[in-house]
Every structure is written in structure tokens, then in C-alpha cells.
1. For residues that are buried (at least 22 other Cβ atoms within 10 Å of the Cβ) and either within 17 Å of the chain's Cα centre (by Cα) or aliphatic (A, V, I, L, M) (or both), scanning just segment A:270-285, find the one that is farthest from B:R249 (Cα to Cα).
2. Among residues belonging to segment B:216-248 that are out of contact with any Pro (no Cβ under 7 Å at 6 or more places or on another chain), of a type in the set (V, I, T) and over 11 Å from B:L260 (Cα atoms), point out the one that is farthest from the other protein chains (Cβ to nearest Cβ).
3. For the subset of segment A:81-128 comprising residues that are part of a loop (DSSP other than H, G, I, E, B) and hydrophobic (A, V, I, L, M, F, W, C), which member is nearest to the other protein chains (Cβ to nearest Cβ)?
4. If you scan segment B:31-55, which residues turn out to be surrounded by 16 or more Cβ atoms within 10 Å (Cβ to Cβ) and more than 26 Å from the chain's Cα centre (by Cα)?
5. Taking the condition of being more than 22 Å from the chain's Cα centre (by Cα), hydroxyl-bearing (S, T, Y) and more than 12 Å from chain B (Cβ to nearest Cβ), how many residues in segment C:37-79 meet it?
6. Here are some conditions: (1) under 16 Å from B:D58 (Cα atoms); (2) surrounded by fewer than 21 Cβ atoms within 10 Å (Cβ to Cβ); (3) away from chain A (no Cβ under 14 Å). B:D150 meets all but one. Which one does it not meet?
Amino acid sequence: MSRLDVKKTYKLYVGGAFPRSESGRTFVVEDAKGRFLANASLASRKDARDAVKAARSAFGGWSSRTAYNRGQVVYRIAEVLEGRREQFEAELRATEGITAAKARTYVDASVDRLVWYAGWADKLAQVVGGANPVAGPYFNHSTPEPTGVVAVVAPRGPLLGLVSVVAPVITTGNTCVVIASEEHPLTAITLAEVMATSDVPGGVVNVLTGKRAEIAPWLASHADVNALDLTGVDDPELATSVEQAAAGTLKRVRRPAEEDLLAPPPLDRMTDFLETKTVWHPMGI
Amino acid sequence: MKFEYAPAPESRAIVDIASSYGLFVDGAFTSGSGSSFKTINPATEEVLAEVAEADAADVDRAVKAARRAYTRVWSRMSGAERGKYLFRIARIIAERSRELAVLESIDNGKPIKESRDVDIPTAAAHFFYYAGWADKLEYALPGNGHSGADPQPLGVAAQVIPWNFPFLMLAWKIAPALATGNTVVLKPAETTPLTALLFAEICQQADLPPGVVNIVTGAGETGRALVEHPDVDKVAFTGSTDVGRAIARSVAGSRKKVTLELGGKAANIVFDDAPVDQAVEGIVNGIFFNQGHVCCAGSRLLVQESVAEEVVERLKRRMATLRVGDPLDKNTDVGAINSAEQLQRIRELAEIGDAEGAERWTEPCELPDHGFWFAPTIFTGVSQAHRIAREEIFGPVLSILTFRTPQEAVAKANNTPYGLSAGIWSDKGSRILWVANQLRAGVVWANTFNRFDPASPFGGYQESGYGREGGRHGLEGYIK
Amino acid sequence: MTITPSTATALSDAVASDSALRGFLHGLPGVDQVGAEQRAAALGTRSIKTTAKAWALDLAVSMVDLTTLEGNDTPGKVRTLAAKAMRPDPTDPGCPATAAVCVYGDLVGVAKETLGTSGVKVASVATAFPAGRVPLEVKLADVRDAVAAGADEIDMVIDRGAFLAGRYLEVYEEIVATKAACGQGDRRAHLKVILETGELQTYDNVRRASWLGMLAGGDFIKTSTGKVQPAATMPVTLVMLEAVRDFRETTGTQIGVKPAGGIRTAKDAIKYLVMVNEVAGEDWLHPDWFRFGASTLLNDLLMQRQKLATGHYSGPDYVTLD
């Protein structure tokens, strides 16, 4: 007699825990051939609110960790992901209907991307900050600092897409609320399991599954969100309306743009969510 | 014995104000197709000139001129040549600095010693600084996905500047835009258009190709037409947070790159081990410099409770030596409020301070009969809940709060939607660095305040805007 | 360090022991060099014109300690100087006399004799000026001699070596002893304490030395001997003016300030007066509370007075060389 599979319940990832949507809603996720795969949690505005709260509470601790330590944590995500690569390859093939080779490429790229960002953590400040030679007896120095809570709309690529938008945001000390790919939400939750076991403090990354158009406007207008990454918003009208909503508290907005996720990412994936702080001090005896 | 300083007015003879001014479009002064407005001397209410109010058609003409100049001349010119134009402009500003300073003080109301010693020299320095960047842009954005390729200009920049530092803000906007190969349509504030129009003349003297810099004068509608013009690639705005919000909303979904430098409510934190005499100077400079019309003004004094009384006494004694009056008098420390409207806002907020129970103390000084004046004022007994501790007053009004521990100081300092600047006064190095690290503000002045330099990035967190002006960072908003 | 009247009583405790004195002096608020220099420079940009300038020039003349402190000083030189002090501008009887002449102790008698009852004081440097590197007894004898010869004011030097080595109580006690040697009651010579700020190097030291001099009973604190560069500077004088202002606030006792050396032009002197006015306050705008230790300054003040009176620039042949 064959054994019956134990199926995973896909929930949200908020504050380091995996709650169901407070709304009790789910939506059906199908595989590439249109067969039922799972019921994903359909996040509500209140889930978004809870996620922002979790991200905000995690921000102080995460941003004040040493850059070295953040780099190690991001590297740890890569390690754990590498160890679970078969699971991810299988999931990618099931959800996207891609070949084994293609799935391997995406997992490879995702692991490598994390490693790349891990190395950036304690180098970026030297590249984008530095001493400013002012005309006076002052020590004057600029450093990049995380902007705060970043709401991210992840692009379609279920794994690489998510890694590409989350890694740069957290490497630099921000925390985030991510709306996972609406089409492929399940891998995002599996990746959340990786993060939950990779020394990423709870609340640093929060993953919501559901409808972009339903959740994004709430995040865009939320006063405790500092920035928006609209990479995954493919509807121009939605992009415009959430950018308008973001203007209410003058959030930093990264607009959607064509991007080859397999190519080396531009530095502004990180710098778009950094503030430059400049400190002056007199030099005297 | 009483040492009475005799009047020491700077001569007005050096400036020649025309009775009316048109727009500067495509290298020439042209009349606007709209109406006109008056610009006045806020210290006397004397009408200085009639200035054209650019309408949408005028703005369109200016943007077209800028586009033409961009396509045909400026974007094709080598960085080195662009830089030479900017160096030239920097030199002409220095040559005409006294004239610019006097004109600025007449139109704006700020003391001549500030326009002479701060605004104009810093503006010249800004052009000089960015001139040097023009042929070095490949070093400006390290590894930003453009390896091998030079950073490219955006195109036409729409720039809208405020009335508090009219000429300096012009320099902050135009210098980096031109250095990076963009062309410019700039709108000065409606109450302070004159030095921008003098700058147009400087562009002519520098032989700057027509259309590279265009100046359109006008008020909010002109600014809106400029910012919303579909052929603009870049919007740079300095001004109020409300207008900044409107701009951010209006460019949503467009390709326009935006930098915003908006309001602030900076905390100036004085610890019990502060170098107290310098701290008092820093408090005074922080809030009374330029009549407090400074977005990064240290308008919230957070003083450690154990020294609060002493610091406030010293502050009052120091304030009693501030000389309020004729902006052109070389001994004036605090000049005129820029407009009747701004004076009204300052008065209203000060009255709210009274109504909310804060204790007002005003420097005993005589104010002139004409013009717009507000004597330097402090409020003690202010808490975070007071409106005068939260809203930007943009005038010579200081709210004084106390704190007990560094943690409390930081928590109070950061408890605002703004995040432009902050001050720290302490003799303990490690504490300064800890506090500076904790503060959510783009510029942190430790044991100093209100220092500006072309090499130093300036700009805020949160609702104080985004993007940086000054330094290498100031180029980022103008290149792709 | 909070300076309030309530701490006044604590001041006597401050000098009770070496460690108490160190604790007190090191508890004074720090001075940020850049900020202090900026403040001094800003005060230097005041524009003093016409009536204000005329008033300030006369005040400055009346504050001059006309000084000669050279190895080749002779009775003749001192008599000439004294004559100049009493009548700086022979062509203008309205020109005020200087505050004092300042000489070495051995020439006090000559100066006193020449000045007579003119009201111009005789100040004598003493305590083995300028280095002060002799035993205390010798220093005190130096003081007593000058006082006996009729000196109205004694300009002493502090032991900078002891100060920089942190032996504050020693410096304090020496000033106290010097003051005692200045005499008693009405006949007591006023004591000016020279800090020699050019050797103290930091403004923190200037502030501490100022307080030390005041706590020990100095009537004036004075920047320099004139024999060490830099001598008086605007920022050093600023810090000292802040100290006398705060000392009066704390104790009720007003102390004078004397920048000496390096002030050569009327323009500079007026900058100092602006600083006195805006930092210490108008109570100090009097020869009893502020002096310039200078020699060539006087002629420049006189030439500027003449320029104001006549409307054209004067020249060195129209003031006396003394």
C-alpha cells in the first residue's frame, strides 16, 4: 500500500512566524499544467499592517548589527538554500513547468546572488560613502544608512525574483515586507522557511502572498513604510497609483523597469534604499 | 558705558534694479505672455520691480529651448568644455559678488553679512566644485551597472527653488545639472526672483550657449506647469513638504527622476558636558541664522534637564546682543521676514505656542515701522505634544524641550516625520558618535551647526525629501 | 559644570586641596577651538563707523597700558613714555590720557615721579617677568620692591611649568602670596595675573588658568607678557571675557581683562571693544575693567582720531615718536 503524502500548508511569514491570513482567506495555486497545487494564504490589509509592524520592530536591531554580521546572516541564507536545492528545483519545475537544467540555473543564480550580496554588506559604505573635503577645519564624513521598512513587490521569478529584491534590501540593514509573486507564491513561502532557519531575525523579512492590487496600495500609503520597490508591478496603472499613494509620506520609490534577473545587478538595487548621512565635527585642540 | 554702533549701511549704489523684468529663455530676455507680479523689499515694503509671470505657454517655450540646447549643443559638448563654462560662471559670480549680495539682501530681507559671507561665496564655490566634476563623471557612480560606459545626462531638468536662499539654491540646482550635461529651466520663488535674473545676465557674460539655462519667473502655477511639463526628464525641488508631496504625486508613473529637499524640524541636542559657550552660539546660529528661514534650522532645542536653566539663561543673554533691523546694515544679525504671508504664519504658530501653554520670551528690541519683522523668540516648557515642537515654523522661533538621558534625547529627536538635520553638543567623543549614529537625519552637525559646503552632501530622511545635493552624491540625481 | 550662584559657596572648597582644585578646573565647560575662533572672527566683522568709532577710539586710548619692557630701557625712555601717556596727542587737549604706563620694577620710581598726580597709573611687571623662573621668595621680593617704589599695579606671571604639569594648587598659592605682597587696604597694588596664553596652547587651558587667577584673587587676568608668540589674540581674549563674565555671575566679583602684545592697530582695538561689549557686557567698557597692553597701538589710535577730526588720513610725522 502506497503511503499518503503529508502536504504542506502554505501560510504567510510575518515576524518570524508562519501565521494564516487573519482574514481566513486562501486562493488556489495551480501548477504549470493547471492542476491544483495548494491553497495559499490570501493576505489582507490587516496582514500587511501586521507585517509592517513586525518589520518596524525588527529594524532597530537589524540595522544596528555590524555589517559583518549582516553579511554572515545573508551568507547563511545561501548556505541553507544550497542545502535544500533539490526541494527548490523540484518546486520550480512543478510551479513553472521548467526543465531540470533551467531550475538548476535559477537555484544556482539565487545562491550566488545571496553570496554576492553577503560580501557587499561590509563594503558598500566604503564605496558609496567617505570623507568629504570641506573648506574648513571639520571632519566631514558621509555614510549610507538603511532607510527603514521597505515594501517590496516581488517580480514573477519565484525564487531568483524574490532573492533579487530581498537580498539587497536586507543586506544594507533595512527590513522588508514582500508581496510574493502573485502567480508563484509557494516558493516564496518555502524560501521563508529557509530564512527562518538561517539566523535571519524574525521580522527582518516578512512575506505576504496574495493579490498585488489588493495589498500594495495599503503598503504604499502606510505611514510607517519608508520605501517601495515596485519591481514586480507589471500593471502601469497600479504602479502609478501606488507611487501616488507613496507620495503621502514621501516614500522612496523604485519604479518597475525591465531587468534581466540573471545579469549582475546594478548597485542601485541597494543604494535606492539607503540614506546618506553626513556628519560634521570641528577639528581643534 | 554704552557702546552704540552707528548705522553702517552697505551701499545700494552697486545694484541697478530695472523697473520690470521678462523671462530668460533661449539666451535672451523675453516678455512673458502672461501677467506680471511685483517683487518687494520685505524690509521696507518698497516695490522693487514688476516681474513677468510665466504661463504654460512661456514654460513650454523655455522647455523647448532647453531641449534644443540639450540635443544640439550641451549633451554633445565634452565634459571638459562644460566644466570650463562652469568655472567661468563661478569666477563671474565672485567678481559680481557684492552686487549679488546687496541685491539678495534687498529682495530677500536677509542681513548683508550673511548674503556677503555665506550665500554668495558658497554659491560661487558650488559652481567651482561641480565645474571640476564635469569631465570626471565616469568616477561619480562606482559600479552602478554602467561599467565601461560614461554616465549619461537625463535631459531637461525642471528646477523649482525657494525664497530663503534664492541665489545659493539656484547654484545648488544649476551647477550639478549643467556639470552632468543636462539643460535647465529654473523657476525662482515669486518673492525673490531678482538674483536669478541677474544670474541670467551672468550666463550671458559667460557666453553660455542659449537655452542651456532658462529662467522662468512666477508663482505656484508656473512651477506646476514646469514640473508637469511632459518633456521634462528631471524635477528638482526645494521647498515645503506639502508642495514636495504634490510633486511626488504628479510625477508618479512618469520617467521623471525626482529629488526633493523639503522641510525639517531639527533637534539640536545639548548635553550637560557641552562646550557651553559654543553650544549657545550654535543654538543661536541654528535658529536665528537667516531669520530661521532655513529648512535645516535647529528649531527644537533638546537640552539636558540638569543644565537646562543655565543654558536658557545664557541663551537669553546672548540673544539680547542680536541686532535686528535693516538688512543692509553690516551689523544686522537678524533681518526681515521674507513676506507678509510668512510673517502671518510665524505669528499664528507663536500664538498657538502661547495658547498651548508654552512660555514665550522675546528679545527686547525695537522693530522698524515698515516691513515684516519678528523678533527672535524662544518658547520654554515645550513638550513633544506641542504643535510648535512638531510643525516647521520657518521663522526665528525656538522651541525648548528637555531630556534626561541620551536615549531619551535620541527618541525625542527622531520622533518627527522629518529627518533633515540635527545637532549634538557634547565633549564626549564616543557619545557624539553614538548619538550621530542613532539620529535619523541626513546631516548631523556635532559641536557645530548650519555649516554648508559644496563637497558635503545635504538632504533628508523621510518627509524631508529624497536625494542629496552637494558632493559626489549630488551628481546622482542628474545622471543615469 | 554648572555655574550658578548656588555654587558660589563651593568655590572656597575648590581650592581646599590639589585634587579639589583639579576637579573644579577640569569640570569647567570645555572650549571648542573652532567654535570659539569663529565667534571671535564674527565679532571682528562688526562695522564701527563715525560716532561709534570716535567714541571707541577715545575709550581705547584711555585703556592703554603704555608699555616698555626692554633690557635697554632707561630713565629717559620711561620719562618720555610717561609724558606721552599723560598727553598722547599734544595737538588735542581733548585726547584722553592712557590708563597706565607699564615698566620693569626698577623704573617704577622714575615713572611715578614723572606721572605725579596725573591719574595715570604705574604698572610694574614683577615675579621675575617674563619667565618667572626664580624661587618664590625672589618673586615676592620683586613685587615688594615695585610696590615700595610706588607701583599702583603689579603684572605678575604665573608659573606655566607648574600649571602644565598639573600642579594647580602651587600656581594658586603663588598668586595668593603675590597678592599678599601687593600690600594691604587702600595702598594695595592691583594685581594683574599674566597667563601667558601662548604657552598654555589650548583654550581649555586658558579657561582653567583664568579661573585659577580669579579664584586666587587676581584683579585682572592678562593674556601675555608680550615676549612669547602668539601674544594676545581675539579668541583667547574671548575665552577670558567669558571667564570674567561667568565669575561675576557666580561670585558677584568683577575681574578685569588685559590683552597684551600684538594689538597694533586701531581697527584691532575696536574689534576687541566690540567683543568686550557683546561678550562680557558694557560694565567692562571702562579702563578699570579692560586694558590694552601695548605700545605702537597708541599712535595708530591717535592717527585714526586725527582722521576722524580732519576728514583726511594722518601720517606718522603727525604723532609723536616716544
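The values are calculated or read from the model by the stated rules, or taken from the named source; none is laboratory data. These numbers come from a predicted model, not from an experiment. Neighbour counts are summed over all protein chains in view; Cβ atoms, including those assigned to glycine, are modelled from backbone coordinates with ideal geometry.
1. Applying the filter and picking the extreme gives A:V279.
2. Residues of segment B:216-248 that are out of contact with any Pro (no Cβ under 7 Å at 6 or more places or on another chain), as a first pass: B:216, B:218-237, B:240-248.
Adding the requirement that they be of a type in the set (V, I, T) leaves B:216, B:222, B:227, B:232, B:235, B:241, B:243, B:247.
From what's left, over 11 Å from B:L260 (Cα atoms): B:216, B:222, B:227, B:232.
Numbers: B:V216: 24, B:T222: 21, B:V227: 13, B:V232: 16 Å.
Checking each candidate, the answer is B:V216.
3. Filtering segment A:81-128 down to residues part of a loop (DSSP other than H, G, I, E, B) leaves A:84, A:97-99, A:121-123.
Keeping just the survivors that are hydrophobic (A, V, I, L, M, F, W, C) gives A:98, A:121.
On the way: A:I98: 27, A:A121: 15 Å.
Of everything passing the filter in segment A:81-128, A:A121 is nearest to the other protein chains (Cβ to nearest Cβ).
4. Listed by number, the residues that qualify are B:G32, B:G34.
5. Residues flagged as more than 22 Å from the chain's Cα centre (by Cα), hydroxyl-bearing (S, T, Y) and more than 12 Å from chain B (Cβ to nearest Cβ) within segment C:37-79 amount to 1.
6. Only one criterion is unmet by B:D150, namely (1).
Table: residues versus (1) in contact with an Asp or Glu (Cβ under 9 Å, 6 or more places away or on another chain); (2) within 9 Å of chain A (Cβ to nearest Cβ); (3) under 19 Å from A:S64 (Cα atoms).
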position	(1), (2), (3)
B:I388	yes, no, no
B:V410	no, no, yes
B:W434	no, no, yes
B:Y466	yes, yes, no
B:G474	no, no, no
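Quick grid of which residues meet (1) part of a loop (DSSP other than H, G, I, E, B); (2) crowded, with 23+ Cβ neighbours inside 10 Å; (3) within 17 Å of the chain's Cα centre (by Cα):
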site: B:F167; (1), (2), (3): no, yes, yes
site: B:A175; (1), (2), (3): no, yes, yes
site: B:A189; (1), (2), (3): yes, yes, yes
site: B:E201; (1), (2), (3): no, no, no
site: B:Q204; (1), (2), (3): no, no, no
site: B:G211; (1), (2), (3): yes, yes, no
site: B:N214; (1), (2), (3): no, yes, no
site: B:T222; (1), (2), (3): no, yes, no
